[in-house]
Structures are given as structure tokens and as C-alpha cells.
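The values are calculated or read from the model by the stated rules, or taken from the named source; none is laboratory data. This is a predicted model, so every value here is computed, not measured. In this analysis, Cβ positions are derived from the backbone assuming ideal geometry, glycine residues included, and neighbour counts consider all displayed protein chains.
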Amino acid sequence: MNDWPSERLILEAGRADRRYWGDLWRYRELFFILAWRDVALRYKQTVIGLAWAFVRPFMTMVVFTVIFGHIAKLPTEGTAPYAVLVLAGLLPWTLVSSIFSDGANSVLGNSQLVSKVYFPRLIIPLAPVIVGLIDFVVSLVILFGVMAWYGMAPGWHILLLPVFIALAVLVAIGPAMWAAATIVKYRDFRFVIPFVIQIGLYVSPVGFSAKIVPPGWQLLYSLNPMVGVIDGFRWAILGGESPLFLPGFALSLVVTAGMLWLGIRTFRHTERGFADVI
Amino acid sequence: MSDTVIRATGLGKKFLIGHNVEYSAMLGEAAVRRARNMVRRAADMLCGRALIEADEIEEYWALRDVDFEVRRGEVVSIIGHNGAGKTTLLKILSRILEPTTGRVELSGRVASLLEIGTGFHPELTGRENIFLNGAILGMRRHEVLAKFNQIVDFSGVEKFIDTPLKRYSVGMYARLAFSVAAHLETEILFVDEVLAVGDAEFQKRCLDRMSEVANAGRSVLFVSHNLAAAAALTRRGIVLKSGRLIFDGPIDGALAQYTASLEKGKIERSWGRGEHSAIVSADLLDANGLPTTTYVPGTPFNLQVEVETSTLPGLSLEFLLRDANSLPVGFYSSNTFSEVALPSMPGRYSCTLALKPLFLASGDYSFDLTTNSMTIVVDHKVTNAISFRVAASNPSTIAYDFKQSLGNGVIALQLATPLVIEPSRQGRAA
């Protein structure tokens, strides 16, 4: 209890709270408990429970492999089996899209808390990160299973996978925070989010390789930060088969940082008025 | 170190509220209005303003120029009518709302209970909800762990602690929720109306717990409609009226001020007068003889009416109790039931009626008051002279609420002796 400050706290209109980030740290237990709640509730009263975390990505992988690999006959990268290519794109995509969509609706979904107690609101859109990561780890098992099925062993590149996972989380939380803050005021965006995710699935190289985009367009294509994330994943998983397009990757990083800044800024600016409008 | 833990200066909070202009039946006009509203909302969004679903927008100050200080260990009641700004004040102090004007200085760890069971989730078990709710109220995990057994004991639901909350009765839910809240240990505590739950026995336990907290040297700000609780728990009272602080001082003075403002409200209402008499004011009284708008079933039912009479003899004072649907449910006439008439000496009289306790269903009620002359001619009639609410009605000890809306009438029939069920003699014969 000692790290709870007993210093003076001043509340005033428009006053920036210097202690905000300290508060965020102090409320870390609430963050974990909200995340734990979301995890605990996710598969309540389902028959197969956590198995859903296996079934969904597996079925999507099968469908994408058949449609993009066998019917559309898109090229894979190097000699990698198409199913592995798809999974290496699908995993980060699922992680990002679930954090984004859960995060975007999170503040509105917790309106009861927002209007009754104080805590740094930033906790709310961040809690879905944990839920997304847990599902991600489960589906990682499928990836390694499929790789073993094809007799593939990951190279040293796989050690850098955590870096790309962190990047995927960063790509997701910027827009998630922005959308969460905006939806509180303008619920129109609730209808926009599923649409954005649907479009995102097709404009991101999930079911196909980013290499099929003509070289002249690569840099422009990398404005979509998912391109950097998925390329990174494929590089880490497929190793030398999928070289990283560095200028594009750097551009993705810049876009991600920009979205993160915008997300935090928007959220912090509107946060104090949440209880007025929710 | 200064001894002031809360200092509010010039505190104000403005809300924008919307009104709908009268609806027109003309389809064209409605369409035009809708289109205009849509354009206005789009413009609001582009400028980053909040959206308000209405045709006209008005500024409304829920709180205006409020100044006060609270010292360490002080327990203060905030009283006022509905909409006086009590909850807004607590929400600003607990950092949920941002003040529009003024500032607040707080020193010490703050916890606020604007409702109990905030964040409770029906799918989670009682145990899980204790941890969830504790964290939401700002308790650390080790604090909750250390007090876990106390919390469960206090709530009295240990048998169901691993049952999902959705299987709990309303009463069990409230008990569990209050128990978590009761074990908060912060230097400053804000409490809003949380005592209005549970059965009488549990309410008493909550009050005891509140006075324990108050005696432990912590500062408590306490909002309540329950004047008896306010008087029992606190020595200082702040009265709010239409967002302004109108009194700050000893609790007796605050209660008097509050009651006076209630009475003033009555007189402003002007009930007119009859030819020979006038009903001036009428109140339902609580156990302390203070006007109230709530009645607890099974407690003494005291009414006080002020009447002015003239020289006409044999005037009867009559009461008609109506339920929320305005259906008559009870009647009293001073002439016919008590063989007492209003005095024929001109003057103002105060009539006190102590009715036997009634076990009324929960819901809203009102009394119509009339003075009748001997010839059964209504002299002065005041409809809805007294309106009151029964917040909860529980004739048994299990958690249950006997509501008007159940359609089983408005009176819970009570037994004089315990229910007897035994094998029937006739049944045995056959």
C-alpha cells in the first residue's frame, strides 16, 4: 500500500495530470484482472472451450490455402508449403485484428465502470492485448504442428519472433486506442470497425505473399503497417526463404509509431470527458 | 502537514441537456427536422463536440460555485433533493467527472462507492467477483487476500462463494457487494446511497460498519436520502439546492435547513382553499418526526396535516391512499372512523395520525386529502397531497421483493401466528 501516493492531488478543468503514467503503473493489477476477466469469460458456457482457439485459425488456414494456393494458384515464397505461408500471415493478422476490434469497443463495453469509478482509462483498451496474446500462443502450436507435418524446422530467425509479436501489438493498440476514444463520442465508428477489418484482411498479405506486389509498388504497399508485421513473421518463420524488404519494413515502423502517437494523444485528450458522454 | 484533506473552491459543473420540441404529426415536417438534426450532428462531430439527441440544447449547471473543506477524520453528510447536485459533486471528487470551473485539492488515498458491486460480472463466481470488484475499487491483491475471509463472513454467502453470480438472489448480490466495499481502507471515502439495499437486518449491519469506519479516523463524505442515517452517522452536514451550497454546519442545522426547504417547496405549490377550510400542508413522517418520501413496510406510519378551519362545525378530514396506477387502496375518515370532527374554532391546526403499520408492496403511492362537510360535500380537495415510495418490501427473511407490479395487490398479508399445516382429518377418514 506504500506506493500509493499521499501527496496532494489537484483536480481542475483541463489540467494535465502529471501523475497519469505513474497511476497507470499503480493500477497494473486492475489491468491484469480485467484481462483475466475477459479471458475467463471468453469461453464460458462453450462446449469445446479453449479448443476454439485451435479450430478457428486452422479452418481459416485450410480455406485460404485452398482458395489462394490451389484455386488462384498464387506463388508461395521459396519452397515453403502454402499452408505455412498462410499461417505465418494469419497468426499476426488474427492477433492484430482481435486486439483492434476488442480494444475499439472496450471503453463503451465497460461504460458501467467508466461512469462509477476512477482509474486510468488507458487500461481498458490495453486489456484485450492479453486476451489476443493468449489465443495467439495457442495458435502458435498449430503453426509448429503444421511445420512439423511438412518436415520443416525453424532456423535461428525464429528467435526474433518476439520482436515481431511486439510490433504486431503496437500496430494494433494505436488504432484501438483511437477508435475506443472516438466510439465513446460517436458510435457510428462501431459500424465502421468490422468493415475496416474486413477490408484489412484483403489489403494485407494474409492469404498471399507480399512479393506478388510489383516491385515499384512495394514501398507504397508498405504504408500498410500489416505488411511490415506479416513480412517480419514470414522472415522469422520461413527463414532465408522470405527475405525482408527493409525500406518497406522501416516505413511500416514509422507508420506504426505515428498511429501509436495519434492513438495515445486522442485517448488522453478525450479520456477526461468519457463519463460526461458515455 | 495541513489537516485539510479535501478543499473545493468555486466548484462548478455544466452539462448540456437536450429538449425535444413538440412532435408534429406532419410527415414532411418530421423529415425536415430529422435531416436538420443529422446535419447538426455531423457538424458537431467535425468540430469534436459531443452529440445530443434532441431538437434544442440548453446549458445546465448541475453544480455552481461550491466551496468547502473537510478535515482529517471528519464525517460529512451531503443532503439535498433529487437533482440538487449531490452525485455530481461526488463524481467530481472521485475523478470520474472533470469540473467545468473551480478546483479540488485532495490529499490521501481516495476510494468512492457510487454504487456497490461496480463491475460485478454475472458469469463469474462470488470468489472471482470479490477480486474483480476489489481491484476496481483500488484494493491491491494482497489486501483482498488478507481480508478475503472477513469479506466472506460479513456477506454471509460462504455457501455460494463458488457459484456464478447469476444464480444469486438480489439480496445475496447486495450483501456480497457491500461486504467488499465495507473492507476498503482508504484515507478518504465517498459513499453514495449504498445503504438503500438489502433487508433491514443487513442495513443495520451496514450502518454499524459505516460508523466503525467513521470512528477509525478516516474522512468520509456521505450522500443519503436517509435522514435518520445521516443524523446518526455524521456531525456535520452540507445542504445542496439546485447545484448551490446553501448550508454547511452542524448536522441538526443541516437537517432543519433541508426540511425547511422541503416545506417551502410545499407552500410554493399552493393548494388553494375550500369555502370553509384549507389543507395547508401534509407530510409523511419518518421515525424522527422529519418529513420523508419513503416508507419502510411494517414500520409506524405517521402522517401530519396542517389545516385551517372556519366556524363550520362537523368538518371531516379524509384520506384516500392510491397506488402507482391511481387505484384506491385505503381510506380513512375522521368523522366516520374516529368520530372526530375538525374544530369549529377558526384557526390553524396540526393533525397527527399514527396509522397501524402497513405491509405495503414496493412502488409509488399517494394520498388524496379532502375536508368534507357534514352533508358529504367536498370542501377542499388536494390530490397527491402526499406522495411517497416504498423502496423494498420483504415480508419474509429470504431475499424477495413484493412489488406492486406483480399484480398481487398492494398489501402483503401477514399472519398473526405461524402457518400451521397438518394432515387433514377428513383426508384420514377417506
- prompt: If you take the residues of segment B:227-251 that are in a loop (DSSP other than H, G, I, E, B) and in contact with a helix residue (DSSP H, G or I) (Cβ under 9 Å, 6 or more places away or on another chain), which of them is modelled with the lowest pLDDT?
  reply: B:T234
Out of B:P122, B:P99, sole residue that is under 26 Å from B:V5 (Cα atoms) and within 27 Å of the chain's Cα centre (by Cα): B:P99
- request: Looking only at segment A:128-147, decide whether some residue is within 14 Å of chain B (Cβ to nearest Cβ), within 21 Å of B:G134 (Cα to Cα), modelled with pLDDT of 90 or more and in contact with a Ser or Thr (Cβ under 8 Å, 6 or more places away or on another chain).
  value: no
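Yes or no, residue by residue, for (1) touching a strand residue (DSSP E or B) at 6+ places or on another chain (Cβ under 6 Å); (2) β-branched (V, I, T); (3) outside the structural domain of B:F247 (by TED's automatic domain parsing); (4) over 19 Å from B:E187 (Cα atoms):
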site: B:F68; (1), (2), (3), (4): yes, no, no, no
site: B:T88; (1), (2), (3), (4): yes, yes, no, yes
site: B:K91; (1), (2), (3), (4): no, no, no, no
site: B:S94; (1), (2), (3), (4): yes, no, no, no
site: B:G102; (1), (2), (3), (4): yes, no, no, yes
site: B:E105; (1), (2), (3), (4): yes, no, no, no
site: B:V110; (1), (2), (3), (4): yes, yes, no, no
- request: Can you give me the ranges of the helices (runs of 4 or more DSSP H) entirely in segment A:168-278 with at least 1 residues that are within 14 Å of chain B (Cβ to nearest Cβ), β-branched (V, I, T) and under 22 Å from the mean Cα position of the chain (by Cα)?
  value: A:188-203, A:246-271
Qualifying position, being buried (at least 18 other Cβ atoms within 10 Å of the Cβ) and either in a strand (DSSP E or B) or aromatic (F, W, Y) (or both), among B:E306, B:E318: B:E318
- request: Could you tell me which of the residues B:L353, B:L369 is assigned to a strand (DSSP E or B), in contact with a His (Cβ under 9 Å, 6 or more places away or on another chain) and within 17 Å of B:F331 (Cβ to Cβ)?
  value: B:L369
- line: Taking segment B:55-92 and the residues there that are within 14 Å of chain A (Cβ to nearest Cβ) and not in a strand (DSSP E or B), the one that is surrounded by the most Cβ atoms within 10 Å (Cβ to Cβ) would be B:L89
- prompt: Of everything in segment B:119-154 that's over 12 Å from B:S179 (Cβ atoms) and of a type in the set (D, E), which residue is nearest to the other protein chains (Cβ to nearest Cβ)?
  reply: B:E123
query: Which of the residues belonging to segment A:249-259 are within 21 Å of A:L122 (Cβ to Cβ) and surrounded by fewer than 18 Cβ atoms within 10 Å (Cβ to Cβ)?
result: A:A257, A:G258
- prompt: Any idea which of B:I251, B:I279 is touching a Lys or Arg at 6+ places or on another chain (Cβ under 9 Å), surrounded by 16 or more Cβ atoms within 10 Å (Cβ to Cβ) and closer than 21 Å to B:V378 by Cβ?
  reply: B:I279
- line: Across segment B:115-133, the tally of residues that are within 18 Å of A:P120 (Cβ to Cβ) and at pLDDT below 90 stands at 2
task: Answer yes if at least one residue in segment B:212-220 is among the hydrophobic types (A, V, I, L, M, F, W, C), surrounded by fewer than 16 Cβ atoms within 10 Å (Cβ to Cβ) and more than 30 Å from B:V280 (Cα to Cα), and no otherwise.
output: yes
- prompt: Is it the case that some residue within segment B:287-297 is touching a residue at least 40 places away in the same chain (Cβ under 8 Å), in the same structural domain as B:F367 (by TED's automatic domain parsing) and in a strand (DSSP E or B)?
  reply: yes
statement: Across (1) surrounded by fewer than 11 Cβ atoms within 10 Å (Cβ to Cβ); (2) modelled with pLDDT under 85, B:V378 clears everything bar (1)
query: Which condition number does A:M59 fail, the rest of (1) touching a residue at least 24 places away in the same chain (Cβ under 8 Å); (2) surrounded by fewer than 21 Cβ atoms within 10 Å (Cβ to Cβ); (3) under 30 Å from A:E241 (Cα atoms) being met?
result: (1)
